[in-house]
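Down below is the structure, laid out as structure tokens.
The values are calculated or read from the model by the stated rules, or taken from the named source; none is laboratory data. From a predicted model like this one, the values you see are computed outputs, not experimental measurements. Methodologically, a virtual Cβ is constructed for each residue, glycine included, from the backbone with ideal geometry; neighbour enumeration extends over all protein chains shown. Remember, those area values only see protein heavy atoms, side chains included, never the ligands or the DNA or RNA. Shrake-Rupley method; radii C 1.70, N 1.55, O 1.52, S 1.80 Å.
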Amino acid sequence: MAGEVWKISGLITLFLSFSTILTEEILDIDPSGYILYCPCMGRFGNQADHFLGSLGFAKGLNRTLVLPPWVEYKPGISKSIQVPFDTYFKTEPLNTIHRVMTMEEFMKKLAPKIWPPEKRVAFCYMARHNSEGCNAKEGNPFGPFWDTYDVDFVGSQFYKPLNYDVHHHDMAVKWNQEFPPSEWPVLAFVGAPASFPVQKENIYLHKYLQWSHSIEEQTWSFIKTLPKGPFIGVHLRNGIDWERACEHVEHSPNLFAAPQCLGYRNEHGVSTKDLCLPPENLIIKQLKRVIKNIGAKSIFVASDSDHMIDKLNEALKRMKVTAHMLKPSNPHVDLAILGRSNHFIANCVSSFSAFAKRERDAIGFPSSFWAFPPEKDKKKRPVHDEF
Ligand SMILES: *[C@@H]1O[C@H](CO)[C@@H](O)[C@H](O)[C@H]1NC(C)=O
């Protein structure tokens, strides 16, 4: 009897000390500090580019990166919606390359200790909106973003002339001299501390951005419904906003994500209308070529507007190849499926396409681009030029 009691109390003691260890581990404060930011520019593709840059920046400064929620916009709702980072991505692989934690975890467990309401200063390059300060919560998604976590700012801090390129000019050292973690445990940025498109030096970080189990499951259950055999993933970016953007392509030789095929200094050419918005005959011609090359049995189409399913089925009928899309639409699962296709044809100008292209490069899967290289250059360059 006494022995039993001893055993039980021993277990309780063990349990208590174990949970203390757990709690302490979770609440460990990083003496090197934290970085917070609002992914306040663009939709998912742009936010992902910014995420890689912000991760590179946090790693350069050796501060823990607080993983912000993804900012989404729903038709008919005027305020942005914040979706926790780990809804779409695993945090464990990221933790193997640098220290990260979700915004939810940070706000709940650490903010009361190291970032209480009276210490919440917003960081920006210089004053915004013709005002004195950063105006971190002015406009959408700025206001709704911080409101999601009940954050108000008591002040502003400008960091001009510092920048986010930690790969040159000792920039990380300069940041830590100007804002030492002992004095500034938290740097909270009004926008992402990163450039767009993603800086070349940060592309490798994509490897650590891996889909959550839920997205993975939805991806595989869709792929299982496709006809047996290799499939080609294609991205058709063709909504009305995009058509308008492409009209100006000739005046911006490296529009949006275009450096992914043209090179960061346009060493592989300049943007063209076809590269931005490939015409139907070009799409079909290019698809037929890839179908023959890899013996594809089906096409998976991701699009923001016209998936061209009927047109593709008609054009590819004689090759016995069918076109498919995800219903109901889900852009994250779309991307994950594109990432797993046997060959991917990307829109070079689109950051959405760029996401899948980077993911595939990291695993060594082949991709190509619509209308690139341009027909007349074909002989000079192989089709699957991955740079
Ligand atoms: C980076 O930060 C970690 C965690 O705070 C710390 O243990 C490590 O010494 C820091 N590294 C450098 C080079 O300062």
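Residue-by-condition table, conditions (1) surrounded by fewer than 20 Cβ atoms within 10 Å (Cβ to Cβ); (2) of a type in the set (Phe, Trp, Tyr); (3) within 30 Å of residue 259 (Cα to Cα):
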position	(1), (2), (3)
157	yes, no, no
167	yes, no, yes
181	yes, no, no
190	no, no, yes
193	no, no, yes
207	yes, no, yes
212	yes, no, yes
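Out of the range 255-276, which residues are free of Cβ contacts under 8 Å to residues at least 60 places away in the same chain, in a loop (DSSP other than H, G, I, E, B) and either under 24 Å from residue 241 (Cβ atoms) or in contact with a strand residue (DSSP E or B) (Cβ under 8 Å, 6 or more places away or on another chain) (or both)?
270
Please verify whether residue 83 is touching a Pro at 6+ places or on another chain (Cβ under 6 Å) and closer than 30 Å to residue 332 by Cα, treating the condition exactly as stated.
It is true that residue 83 is touching a Pro at 6+ places or on another chain (Cβ under 6 Å) and closer than 30 Å to residue 332 by Cα.
For residue 257, work out the one condition from (1) in contact with a Pro (Cβ under 6 Å, 6 or more places away or on another chain); (2) open to solvent by 50 Å² or more (accessible area, probe 1.4 Å); (3) not aromatic (Phe, Trp, Tyr) it doesn't fulfil.
Against the list (1) in contact with a Pro (Cβ under 6 Å, 6 or more places away or on another chain); (2) open to solvent by 50 Å² or more (accessible area, probe 1.4 Å); (3) not aromatic (Phe, Trp, Tyr), residue 257 comes up short only on (2).
Which one of these does residue 114 not meet: (1) more than 16 Å from the ligand (Cβ to nearest atom); (2) open to solvent by 20 Å² or more (accessible area, probe 1.4 Å)?
So the condition that residue 114 fails would be (1).
Each row is one residue, and each column tells you yes or no for (1) surrounded by fewer than 22 Cβ atoms within 10 Å (Cβ to Cβ); (2) within 29 Å of residue 202 (Cβ to Cβ); (3) modelled with pLDDT of 95 or more; (4) in contact with an Asp or Glu (Cβ under 8 Å, 6 or more places away or on another chain).
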site	(1), (2), (3), (4)
309	yes, no, yes, no
337	no, yes, yes, no
344	no, yes, yes, no
349	no, yes, yes, no
372	no, yes, yes, no
379	yes, no, no, no
385	yes, yes, no, no
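Name the residues in the range 126-146 that are crowded, with 17+ Cβ neighbours inside 10 Å and out of contact with any helix residue (DSSP H, G or I) (no Cβ under 7 Å at 6 or more places or on another chain), would you?
128, 133, 134, 135, 141, 142, 144, 145, 146
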